[in-house]
1. Out of the helices (runs of 4 or more DSSP H) lying entirely within region 1-120, which hold 2 or more residues that are more than 15 Å from residue 167 (Cα to Cα) and at pLDDT 85 or above?
2. Would you point out the residue of region 195-223, among those that are at pLDDT below 80 and part of a helix (DSSP H, G or I), that is surrounded by the most Cβ atoms within 10 Å (Cβ to Cβ)?
3. Of the residues 507, 517, which is touching a Gly at 6+ places or on another chain (Cβ under 9 Å), surrounded by 15 or more Cβ atoms within 10 Å (Cβ to Cβ), of a type in the set (Gly, Ala, Ser) and at pLDDT 80 or above?
4. Just give me the residues in region 446-474 being free of Cβ contacts under 8 Å to residues at least 24 places away in the same chain and assigned to a loop (DSSP other than H, G, I, E, B), in sequence order.
5. Could you give every pair whose Cβ atoms fall below 8 Å, whose first residue belongs to region 202-215 and is within 15 Å of residue 248 (Cα to Cα) and touching a residue at least 12 places away in the same chain (Cβ under 8 Å), and whose second residue is open to solvent by less than 70 Å² (accessible area, probe 1.4 Å) and β-branched (Val, Ile, Thr), counting only separations of at least 6 or pairs across chains?
6. Based on this model, can you work out whether residue 403 counts as surrounded by fewer than 22 Cβ atoms within 10 Å (Cβ to Cβ), modelled with pLDDT under 90 and under 23 Å from residue 382 (Cα atoms)?
7. Could we say that residue 396 is modelled with pLDDT of 75 or more and open to solvent by less than 20 Å² (accessible area, probe 1.4 Å) here?
8. Tell me whether region 155-162 contains one or more residues that are farther than 30 Å from residue 91 by Cβ, surrounded by fewer than 23 Cβ atoms within 10 Å (Cβ to Cβ), touching a helix residue (DSSP H, G or I) at 6+ places or on another chain (Cβ under 6 Å) and in contact (Cβ under 8 Å) with a residue 40 or more places away in the chain.
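The values are calculated or read from the model by the stated rules, or taken from the named source; none is laboratory data. Everything numeric in this text was worked out from a predicted model, so none of it was measured. As a convention, Cβ positions derive from the backbone with ideal geometry for all residues, glycine included, and neighbour counts pool all protein chains shown. To get the accessible areas, we keep the full protein, side chains included, count just its heavy atoms, and leave off ligands, DNA and RNA. Shrake-Rupley method; radii C 1.70, N 1.55, O 1.52, S 1.80 Å.
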Amino acid sequence: MMRTTKAAVIAWLSRLPLFIAFIGLYVALDVASFIHPLHGLNITPWNPAPALGLVLLIQIGRQAWLPLAVAIMLAEISTRGPLGTPWSSVVPALVLTTGYALLGAMLARRLPRDALLDDRRSLVVWLLHVAVGTLLISLAYLCSLLIVGLLPQAGWWTGLVRFWVGDGVGITVMMPLLLWLSSERGRARLWRSVAKRESAAYLLLGVATLWLAFGTGGHGGFKLFYLLFLPIVWAAARQGMAGAIVCAAVLQVGVIVAMRSLDYNAVTVAELQILAMAMAVVGFFVGATVSEQRRTAEDLRHSLRLAAAGEMAGALANELYQPLTALNAYAGACEQLLARGESGEPLQAALRCVQRESGRASDVLRRLQDYFRTGEPQLEAVFLDDLVETVVVSCLPRAEQAGVRLRVAPMPHAQLHIDRLQMEVVLRSLINNAFDSVIASPHQPRRIWLAAWKEGEERVCLRIEDSGSGLTAEEASSLFDPRVAPKAKGRGLGLEISRAIVATHGGRLWGEAAEHGLFKIEFPISDLDTPPQPSVQPVFVEAEN
């Protein structure tokens, strides 16, 4: 027990600089927001300091109780001075400390420590707790003021409404920003999202709308207040929750400055604060929705990368088989040459072959690892005829075994800027789908043929046909939807991944409605400078029984 207590004291003392900074900032915020105090008390229509206290309570828990009590006590004395007996200051301060501590503990239980309120569910939970919690705190605080004789009974209802509005607005607008700033992940996301030229644009729009609402409108700011929704909705739609919380905080400060400059009365200030809170809540929900959609899209892209990597791993088993088999053969040859005492050119040639094949195998694995980690293609200049020949040669054993006639027409001279490994996997996947379709149609001639032609000077189209059953118009229109694609024909998620890979290379993959299988891939022709190439001779590869 003593060791536990000692460890707790040491942990508390290690955070003493943080607590001192917190107390100073809390008091400064409370003094800055001391606007239209009711009966000279700390009952104002804007109270952002509790948001700072709640964030500290969520981050470190019970250790924040004492510095919070000290901060509230000093804020009470610094704003209205010591009035009446010492209990008149101590009792309300203890009530506020207890209320905020309970609200902070409830929020910490309902929300994870690193919660950034960037999804709608946590946002709704947080808003409900803030609304109910601040109402209960307001009731308890006003009752304590009545008990110590600082608040007349005639001003109880007005005080309750104003204090609830002040706490509710201050916490709702400022707490998300403080939560993000207190989290390393939140600070990084704020910087990535807000450190852009676009942020300056919507902040300038915020200043402009504030001037239109209060500068030209003067005391008729209610008439043009709706203009303030424009910058916050823009920020939320473009930058998600990060943009919404920054813009909401800036607009809130602008509204307070405008109200103090124009010397609004307390009732008007409270009404405008309610509008400001509604504006912030709308912006937060838009931002949370945008953030959720972006996370969903990123998860989908990650899932597609993982699925593509899985397909590539299966397809690359054949790619690795060849260099590994060659390595085994060359290693055996080296062993025989060494046994004969050979140390000249034959042994060196065999070792060079070992080096070449091991490099080929490591290149295949490196490409797969890079794609699995980042999904980024490793682009290089590849000629279409070389790409097609490499894939077709690897498919010849299956064609011979299945009795399928595999034909390749002459390929046009076209250089592509692609990730060779990824595109080989796409072509092999399409040809394997053609094999499955042909084999599933036993009464048809077993044929697969490939042809290509240029579409002008900038694009080339590769056609893959088979003699199996084709697609209907309805199937062709939903071919790349994994929920409805005809997976029984060997198509489905694999085609969706293939299309995504082709699209990353600036190409297009589609299937056409026909009586037989028909797929086309369109590639952009690269205009990169390459060494002169010999003229391409007609290519014809055929496997038939």
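1. Because the criterion is at least 2 residues that are more than 15 Å from residue 167 (Cα to Cα) and at pLDDT 85 or above, the helices (runs of 4 or more DSSP H) in region 1-120 that meet it are 16-32, 49-60, 65-80, 87-110.
2. So in region 195-223, the residues at pLDDT below 80 come out as 215-223.
Within this subset, residues satisfying the condition of being part of a helix (DSSP H, G or I) are 215-216, 218-223.
Values: 215: 14, 216: 10, 218: 10, 219: 11, 220: 11, 221: 24, 222: 13, 223: 10.
Here the residue is 221.
3. On the way: 507 fails: touching a Gly at 6+ places or on another chain (Cβ under 9 Å).
Only one candidate passes the filter, namely 517.
4. Passing the criteria: only 456.
5. 203/250; 206/232; 206/250; 210/255
6. Answer is no for this residue.
7. It is false that residue 396 is modelled with pLDDT of 75 or more and open to solvent by less than 20 Å² (accessible area, probe 1.4 Å).
8. no
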